[in-house]
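**Student:** Shown below is the structure under consideration.
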Amino acid sequence: MNSDLFMDTNKIINVKNLIKKFGDFIAVDDISFSVDKGEIFAFLGPNGAGKSTTIKMLTTLLTSNSGDIKINGHNPAIEPDLVRRMFGIVFQDTSLDDELTAWENMEFHGVLYDVPKKLRRERIESLMQFVELWDRKDSLVKEFSGGMKRRLEIARGLLHHPKIIFLDEPTLGLDPQTRNHMWEYLKDLNKKEGTTIFFTTHYMEEADRIADKIAIIDHGKIIASGTSAELKKDTKTESLEDAFLSLTGNVIREESATSVDHMRTNRRMWRK
Amino acid sequence: MKIYILWLRQIKRYLRSKSRILGSLAQPLLFLLAMGYGFGSVFQKAGQGNYINFLAPGIIGMSIIFTSVFTGIEIIWDRQFGFLKEMMVAPMSRLNIMIGRTMGGATVATMQGIIVLMLSMLFGFHPYSFIGVLLTIPVMFLVALLFTALGTMIASLLDDMQGFQLIMNFLIMPLFFLSGALFPLEGLPKVMSIITKLDPLSYGVDAFRYLLINSSHYDIGLDIAVLSIITGFFLLLGGYFFKKIQI
Ligand SMILES: Nc1ncnc2c1ncn2[C@@H]1O[C@H](COP(=O)(O)OP(=O)(O)OP(=O)(O)O)[C@@H](O)[C@H]1O
Ligand SMILES: [Mg+2]
């Protein structure tokens, strides 16, 4: 990758040689990738691959050990306040205030993100209708079920319309209705406002259906990227799930996981 | 507006947890009654006057220091329950987040202080003047601000609740007991006298005594100056550590 490409203004997220260590453990190991403006980008990988850690670095929550990140041309470590203005995020684990009501959680978010009052109130109502929590708007969040919290979290993430939305396993624990609903809404937002969407998921069919581009990370390294069709073609597989398994290895993780071919042979053997 | 909503959140959380309000009133009341009535006659015989009157401002200081450090330290809960992330990625400077939270915590602690003041009046505390009582409120807020900022600062440095008990036992308890909240600062042994001078709470309690019972050890001007400077310092330092939080 040359430096001209790195300056490309069409790239809203540009990551170069990013490394994050926790003590001796390397969680993110020298990754480089970029996301185009208006793209729907899926960041896939097995548990512990380094997806959330990467998202945290992109969203100013963690600093990296080395490497360069540009979010719309700005480095989150150097200009955090500016970068925070550009994205919205739905975290993998809960980030609601249990002691506040559902509505208060929404309102709090809307105020923090400068959504003007009238628009804010309208959107809060329509989004809460959308996730079917409007009739529970005055309940404290601690009285909600896991799925209800998740739905509220999604609704909250959509309250302001940022340039980029990060979704870290947004659909985890959601029923299929809500899941489809949510993706329709996001696709619509992507089309109408050109919002860039960066998401992780363990549901491969979801990534296959939604994402324009996919990157697969394993053991902190990006091991493949491209469109779903490209990944399938490269791995000679029929579904994205098979492509994912063939790239990241099935069941057993060997230390020499770099040998993709070896893994592929294993996989073929199992199939027969 | 953003600072206001952060402030409002703290107030709402406080008003909703009735058990917390009651719990944090029980301790000061116990001290006031047990010590006030227990040591009252000894104190009187020593020619120091009415012990309840002397003690009440100290007990107000006590309720404020405990409540404010606690609300500051609540950040650890926010971190554990994930809400801290929501605040930390919001398009708002971390200094402002810290200010909003600290203001909220300090308001809560001040309310707690006012309740203790009123309760102690029920149990025989006689403030010197009504104006004095009114003027005590902003000073309560200043003291509350100081210790909320301290709590925030500590919480920014701790990852989990493990350290909390340690802080309570080795920092907050000594700060309270060595502040002159329970005993007069006059005629203390040299070392003790130096220690009390280093304890910010002793200036707070002294200011309360000045305003509530018209008796003080230091000068009220000095009290306010010391409290303001230390508050400013803790706010800056707290803001600095808060900025450094990684999740
Ligand atoms: N604060 C931390 N301290 C130490 N190790 C950490 C920390 N956060 C993450 N890790 C480690 O870094 C690795 C990557 O974690 P990360 O959360 O990024 O994985 P992930 O790809 O999001 O996985 P999942 O699909 O399970 O969410 C894991 O091995 C994890 O144990
Ligand atoms: Mg994760």
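The values are calculated or read from the model by the stated rules, or taken from the named source; none is laboratory data. Since we're looking at a predicted model, the values are computed, not measured. Note: ideal-geometry Cβ built from the backbone for every residue, glycine included; neighbour counts use all protein chains shown. Remember, those area values only see protein heavy atoms, side chains included, never the ligands or the DNA or RNA. Shrake-Rupley method; radii C 1.70, N 1.55, O 1.52, S 1.80 Å.
**Student:** Using heavy-atom solvent-accessible surface (probe 1.4 Å) with all chains present, what is the largest-first order of B:F81, B:F234?
**Tutor:** Details: B:F81 115, B:F234 30 Å².
Largest accessible area first, the residues go B:F81, B:F234.
**Student:** Here is a further query. For a test of the definition: using alpha carbon positions, the gyration tensor, and the 1.5 limit on a/c, classify chain A as rounded, prolate or oblate. Don't skip to the answer; put the middle values down first.
**Tutor:** On the way: a/c = 1.89, a/b = 1.45, b/c = 1.30.
Prolate, because a/c is 1.5 or more and a/b exceeds b/c.
**Student:** Answer with one residue from A:G45, A:G73, A:I89: the one whose Cα lies farthest towards the positive end of the charge dipole of region A:1-122, charges on Cβ with Lys, Arg +1 and Asp, Glu -1.
**Tutor:** Looking along the dipole axis, the top candidate is A:G73.
**Student:** In addition: Skip the ligands, DNA and RNA, and give the accessible area per residue of chain B with a 1.4 Å probe, whole Å². Display every interim value, and only then the final one.
**Tutor:** Numbers: 10350 Å² over 247 residues.
With all protein chains present, chain B gives 42 Å² per residue.
**Student:** Still on this structure, I have one more. Give me a comma-separated list of calculated 3J(HN,Hα) values for region A:73-85, in order, Karplus coefficients 6.51, -1.76, 1.60 applied at θ = phi - 60°, integers in Hz, x for any Gly or Pro.
**Tutor:** With the stated coefficients, region A:73-85 comes to x, 10, 8, x, 7, 9, 10, x, 4, 5, 5, 4, 5 Hz.
**Student:** When chain A is modelled as a GNM with alpha-carbon springs shorter than 10 Å, which of A:T248, A:T59, A:T178 fluctuates the most?
**Tutor:** Comparing A:T248, A:T59, A:T178 in a Gaussian network model of chain A, the most mobile one is A:T178.
**Student:** May I ask you to give the percent of accessible area on region B:2-243 that is carbon plus sulfur, with a probe radius of 1.4 Å? Each step should come with its number before you reach the end.
**Tutor:** Details: 7240 of 9980 Å².
Accessible surface attributable to carbon and sulfur in region B:2-243 totals 73 percent.
**Student:** Related question: Relative to the isolated chain, which residues of region B:1-25 have their accessible area cut by 10 Å² or more in the presence of all protein chains (1.4 Å probe, heavy atoms, no ligands or nucleic acids)?
**Tutor:** Hits at the 10 Å² cut-off: B:M1, B:K2, B:I5, B:L6, B:R9, B:K12, B:R13, B:R16.
**Student:** Can you give the charge dipole size of region B:2-243 about its Cα centre, rounded to the nearest 20 debye, using +1 on the beta carbon of Lys and Arg and -1 on the beta carbon of Asp and Glu? Could you put the intermediate results ahead of the total?
**Tutor:** On the way: 16 positive and 10 negative charges, 123 e Å.
Approximately 600 debye in magnitude.
**Student:** For A:E230 and A:H161, what is the calculated FRET efficiency with R₀ set at 35 Å and r taken between the beta-carbons, to the nearest 0.05? Intermediate values should be presented prior to the final figure.
**Tutor:** Values: r = 30 Å, r/R0 = 0.87.
Calculated transfer efficiency: 0.70.
**Student:** Between B:A106, B:A46, B:A56, find the one with the highest GNM mean-square fluctuation for chain B; connect C-alpha pairs within less than 10 Å.
**Tutor:** Maximum fluctuation in the GNM of chain B, among the listed residues, is at B:A46.
**Student:** Okay, next question. Let me know the shape class of the protein assembly as shown, please: from the alpha-carbon gyration tensor, a ≥ b ≥ c as square roots of the eigenvalues, rounded when a/c is under 1.5, otherwise prolate if a/b is greater than b/c, or oblate. Kindly include the intermediate steps, with their values, before the conclusion.
**Tutor:** On the way: a/c = 2.81, a/b = 2.36, b/c = 1.19.
Taking the square roots of the gyration eigenvalues as a ≥ b ≥ c, the protein assembly as shown is prolate.
**Student:** Then there is this: Provide the per residue accessible area, probe 1.4 Å, for chain A, rounded to a whole number of square angstrom.
**Tutor:** Details: 12320 Å² over 272 residues.
That works out to 45 Å² for each residue.
**Student:** A drop of at least 20 square angstrom in accessible area, chain alone versus all protein chains together, probe 1.4 Å. Which residues of region A:57-90 meet that?
**Tutor:** Correct list: A:L61, A:L62, A:T63, A:D81, A:R84, A:R85.
**Student:** Taking all protein chains together and a probe of 1.4 Å, list B:Y128, B:Y4, B:Y210, B:Y203 from the most accessible to the least accessible.
**Tutor:** Working: B:Y128 145, B:Y4 110, B:Y210 85, B:Y203 25 Å².
My answer, sorted largest first, is B:Y128, B:Y4, B:Y210, B:Y203.
**Student:** So what's the angle, to the nearest 10 degrees on a 0 to 90 scale, between helix B:51-73 and the longest Cα principal axis of chain B?
**Tutor:** For B:51-73 against chain B, the angle is about 10 degrees.
**Student:** A:K21's amide H: which non-local residues (gap 5+, or another chain) put their own amide H closer than 5 Å, with H modeled 1.01 Å from N in plane and none for Pro or chain starts?
**Tutor:** Sorted by chain and number, the residues that satisfy this are A:A27, A:N65.
**Student:** Another question, if that's okay. Give me the accessible area buried between chains A and B, both sides summed, with a 1.4 Å probe, in Å² rounded to the nearest 100.
**Tutor:** Details: alone 13590 and 11690 Å², together 22680 Å².
Adding both sides of the contact gives about 2600 Å².
**Student:** For A:A224, enumerate residues with amide H under 5 Å from its amide H, sequence gap 5+ or separate chain, H modeled in the peptide plane.
**Tutor:** Excluding prolines and chain starts, which carry no amide H, the hits are A:I216.
**Student:** Please list, in chain and number order, the residues 5+ apart from A:L167 or on another chain whose amide H is under 5 Å from its amide H, with Hs placed from the backbone.
**Tutor:** A:V90, A:F198, A:F199, A:T200
**Student:** Which net charge results when you count Lys and Arg as +1 and Asp and Glu as -1 among the other residues whose beta-carbon is under 15 Å from that of B:S179? Walk me through the intermediate numbers first.
**Tutor:** Numbers: positive: B:K197, B:R209; negative: B:E186, B:D199, B:D206, B:D223.
Here the charged neighbours net out to -2.
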